[in-house]
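Below is one structure, written out as structure tokens; the observations come after it.
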Amino acid sequence: MASRLSATLRHPTTKGVRKAPSQRENVNIYVVDPSVNKAWAVLPEFLYIDNATDIPKLKSSTYRQYAAEGIATGINNFVATLPPIN
């Protein structure tokens, strides 16, 4: 599985994955291309490892658990509103 993912990211435009700009300078992210895939994709983001004020939060298992539960709740709430995928 890891080698397939690695191959996909090396050739993002050929596998239903595309490069997208990030709000961070000189950084790109890879996202599932909805025009090619019949699946929903979610890209949750919280905090940045290179931000000095975020590092203590990222080191806190309590905060990580809180963030994970918030992301899971948000995804579950969103999924509950979706029509079935054909």
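Bear in mind these aren't lab numbers, they're just calculated from the coordinates by the rules spelled out. Note that the structure is predicted; figures quoted are calculated from it, not measured.
Structure summary
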| read-out | value |
| --- | --- |
| For I29, distant residues with modelled amide H under 5 Å away | A20, S22 |
| Sequence-distant residues sharing a close amide H with V17 (under 5 Å, placed H) | D33 |
